[in-house]
Every structure is written in C-alpha cells, then in structure tokens.
Amino acid sequence: MTTEYLTVGIFIALVCLLPVLWGISTHLWLKARRRARTAEEAAARSSERVDEAFRDADRRATEAEGSLRSIRQRFSPVIKLDEELRSIEANISSATSELRSLRASYSEKKAIYDRLATEVAIFDERLAFAELGVYEPHFDFSDSEQYKVAIRSVREVQKRMTADKKAVFCSTEWSVEGSKAKGQTMTNRSIRLTLRAFNNECEAAIANTRWNNVNSMEKRIIRAYEQIEKMNASLQVNISYEYLECKLKELRLTHEQREKIKAEKEERAEAARQAREEQRLQRDLEKAEEDENHYATLLQKAKVEVASIVGDRLDAFENQIHILERDLAEAHARAERAKALAERTRIGWVYIISNIGSFGDGVVKIGLTRRLDPLDRIRELGDASVPFRFDVHAIIYSEDAAALESALHSVFESVRINTQNLRKEFFQANLSEVEQAVRVLAPDASFFKDVEAQEYRETLARRTQLFEHAVAAQEEYPAEI
C-alpha cells in the first residue's frame, strides 16, 4: 500500500513539473534563437565589411599595380641596368670562382712541370743550353797531355775501388731461404747491377759532355747516383761517395781536356799565322831591298849618262834623275821600315775598323798587324769572312804597337763583346769614345769618324727599291676585289 502511494505521488509530481519544464525549455530555446539570429546578423554585417575590405584591397592592389607599372615604365632603364648589374656580378662571382680553381690547378701542375723540367734538363741539350751558367775550372794543367795523364790516373783509382769492393758495397749480410750463401749471391748480383747501371750513366754523361752542357752533365751523374741509391735502399746496397767524386772528377777532367785541346789548336793556328806574318815580312824586306837596289842602279846609270848629254835633253834627263832619286828615297824608307819590322817584334800598326753591315752600329775592332802594308791585313779580314768590307778609322804606326793595342783594349775591356776568347778583338763602343781614347794614347794619330759602308748602304737602297716595287705590285693586283 505504501508503495502504491509512493508511485502515485511521484506520478502526480511529474505531471505537475512537466509544464514547468516545458516553459523553461521553451524560454531557453527562444533565447538561444534570438542569440543565433543576433550572431547571424553580426556575421552578415562582418561578411559585408570583409567583402568591402576585399573590394577595397582589390582596388588598392589595382591602383598599386598601375603605379608599379608606371614606375617600371619610368625607371625601366635603371631597372634594366640593375638587372644587368646583378647578372654581371653573378658572372664575375662565377668567373672569380673558376679563376681560383684554375690558379690552384695551375700551381699544382706548374710544380709538377718544374720538377719534370729539372729532371729532363740534364738530358735535353736545348734546356741545358738555356741553363748554361759559367763553368769554373777545377784544374790548372798547362797542356792537354797532363789532363790525359790525370784522366788515366782517376780511372785506375776507380778500377782499384771496384776490385776492393769499395765502389759499391752492402752493409747488411742477407740470408735467402735461411742460406747466407744464397744471400751473398743475391748481394753480389745486386752490386754488379748497381755498378753497371751507374757506370753506364756516367759514361754516357762523360761522352756527351760539351762546353754548353757540362753543368747539366754533372747534375745528371748526381741525379743517377741519388735515384740508384733510392732504389737500392731496401737491399741496403750503396754507391760510395768517394766513387761518385771520382766520376765527377773524370767528367771535369775530360771537359777541361777538350777545352785545352781547342785552346792549343787555336794557339797553333795563331802561331802559324804569326809565322806567315814573319815570312811575309821577310818577303817584304827582300822586295824593298830589291827595289832600293834597282832604283840605285838606275840612278847611278842615269848620273853617268847625264855627263855626256847637252842641250834640250839635259833638262828632261835631270827631271828623270829627280824622279829616280825620289823613288830611291821611298824604296830606302820602305826597306828600313821592313828591316825594323823584321828585327824588332814590337814595331807594328794598330788599326781601328768597323763594319756596320756585318756587326751593326757601335761595334769596332781594334787589332795589330806587323805587315809592311797594314791595309793588306784589313783587306784580308774583309775578303771572305764577312759580307761587307771594313771601314778604316785609324792606322797608327807605333814603336811599341803591342803596348798601344793592349792600352786601347784595357780602355774598352768592360764592353768587350767576346769575354772568353780574347783573340776576338771586337768592342761595343761608338767612334767618339774610341777617338777620345786614341787622342789620349796616340795624340799624333789621325782618326776618321766617317762610316762610308758603301756596299752596305747600296744594298739597303736596293732592298728598299725592291720592297717598293713589291708593294706597288700588290696595290695594283689586290688579293680581293
């Protein structure tokens, strides 16, 4: 009973509450609806404002684009320059980067090239000539025979060193397959191969040594020594430094012997030339004495005949006697000069000549001759050895011609053209300087500064004429029309 009352009570309560709950929910729904409508209206207003803002932004963007186009049109040259500048800067940056890369690559390859060029130079005569340098003699023997004896001696030393196993040696006692005998056999074979390789390199260098590559041949021997030592490092087979020094000594002796032989040959040629000069002087003396005797005989004969001549023929005959007396005096003077030249070796002529066509301007030769007629020597110099004749600027007779020549050479020693062969008496000096030196050393001598060079100037004129004709022909017949 109680449960039923409770159920009825609950039901009645629910019935009473339903209208209240309905009213509350309706109120809440209406309130939410109003809020939604308000929000919708606000959203609509916001949308309108956003649309207006977009339209305003579009309008401003359009105006900005128009302004930008106007600005671009107005400043298009500047913009183009700026774009071109950026392009150039990019190219410069790229080129700079490439240049740095090329420089690095070049430096690397240049180092390799220099190393290889140094190695090749000892075998290439052209490179050796470019790096010629000055060879300083190591020995002071008076003749080539002494060099020959020294070469034979140093070769004997090499043979003894080889026989005593002091040329090439091994500092380690090797064993092969546990056998010291086999190890010794291997060592002996390595020593023989090393000795043969080094000797072959040295013999090739010595055989090919000349004046222009002696320094390179020394480097070649040293280089062979270093390379063979490096290759034999693992076997500890070494070439003794004393043996290397013997080979270098043989090279230097051989070179200096060859140079001494050349010098001796030149000395013999000079001695032969001087002998010919002496023979020529003797012939000149004999000829002058014959001329003197001839004119003396004619004069004596004429004086005998003139005693029996009278009348008009006497004047003519006396005139003939005067001519004979003059010729006799000249012949006597030549005979005395020839006798003095033959008896006194220091008497002679110092000549100063030039040859602009052969040697260029500002080159003179200062030489000495003891010939009776110094022009014979000058003509001889210009006959076949040079294309043009020499111009003579001074011929100075001197009682001590050798001293005068030496004094003139000393004045111009700093401009001597060939400093190795002093028999080549050419100097780089202008004629005014030479004339001044002559005025000091031989005040009474005549000096002629004129440079005739007839054949040379005629040759130049002929070449100019031929060139002008060739140019005229080219202008007349052009290559293209």
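Sub-6 Å Cβ pairs linking a first residue in region 422-436 that is over 17 Å from residue 360 (Cα atoms) to a second residue that is of a type in the set (A, V, I, L, M, F, W, C) and surrounded by 12 or more Cβ atoms within 10 Å (Cβ to Cβ), at least 6 apart or interchain, are 435/447, ordered by first then second residue. For region 221-239, which positions are in contact with a helix residue (DSSP H, G or I) (Cβ under 9 Å, 6 or more places away or on another chain) and among the basic types (Lys, Arg)? Once the filter is applied, which keeps residues that are in contact with a helix residue (DSSP H, G or I) (Cβ under 9 Å, 6 or more places away or on another chain) and among the basic types (Lys, Arg), region 221-239 yields only 223. The helices (runs of 4 or more DSSP H) found entirely in region 342-454 that carry 2 or more residues being surrounded by fewer than 17 Cβ atoms within 10 Å (Cβ to Cβ) and of a type in the set (S, T, N, Q) are 401-411, 431-441. Looking only at region 429-462, count every residue that is basic (Lys, Arg) and closer than 26 Å to residue 402 by Cα and tell me the total. Qualifying residue count, region 429-462: 2.
Here is a yes/no grid of residues against (1) in contact with a helix residue (DSSP H, G or I) (Cβ under 7 Å, 6 or more places away or on another chain); (2) farther than 19 Å from residue 277 by Cβ:
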| site | (1), (2) |
| --- | --- |
| 368 | yes, no |
| 374 | no, no |
| 380 | no, no |
| 394 | yes, yes |
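Evaluate the following for residue 203: is it out of contact with any strand residue (DSSP E or B) (no Cβ under 9 Å at 6 or more places or on another chain), surrounded by 16 or more Cβ atoms within 10 Å (Cβ to Cβ) and in a helix (DSSP H, G or I)? Against the criterion (out of contact with any strand residue (DSSP E or B) (no Cβ under 9 Å at 6 or more places or on another chain), surrounded by 16 or more Cβ atoms within 10 Å (Cβ to Cβ) and in a helix (DSSP H, G or I)), residue 203 does not qualify. When the criteria are applied in full, residue 354 fails the requirement of being free of Cβ contacts under 8 Å to residues at least 60 places away in the same chain and either outside the structural domain of residue 450 (by TED's automatic domain parsing) or among the hydroxyl-bearing types (Ser, Thr, Tyr) (or both). Which numbered condition in (1) closer than 30 Å to residue 172 by Cβ; (2) surrounded by fewer than 17 Cβ atoms within 10 Å (Cβ to Cβ); (3) modelled with pLDDT of 90 or more is the only one that residue 195 fails? If we test residue 195 against (1) closer than 30 Å to residue 172 by Cβ; (2) surrounded by fewer than 17 Cβ atoms within 10 Å (Cβ to Cβ); (3) modelled with pLDDT of 90 or more, just (2) comes out false.
Yes/no matrix, rows are residues, columns are (1) over 55 Å from the mean Cα position of the chain (by Cα); (2) assigned to a helix (DSSP H, G or I); (3) at pLDDT 80 or above:
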| residue | (1), (2), (3) |
| --- | --- |
| 253 | no, yes, yes |
| 257 | no, yes, yes |
| 265 | no, yes, yes |
| 276 | no, yes, no |
| 300 | yes, yes, no |
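The values are calculated or read from the model by the stated rules, or taken from the named source; none is laboratory data. Since we're looking at a predicted model, the values are computed, not measured. Cβ coordinates were reconstructed from backbone atoms using ideal geometry, including for glycine residues, and neighbour counts include every protein chain displayed.
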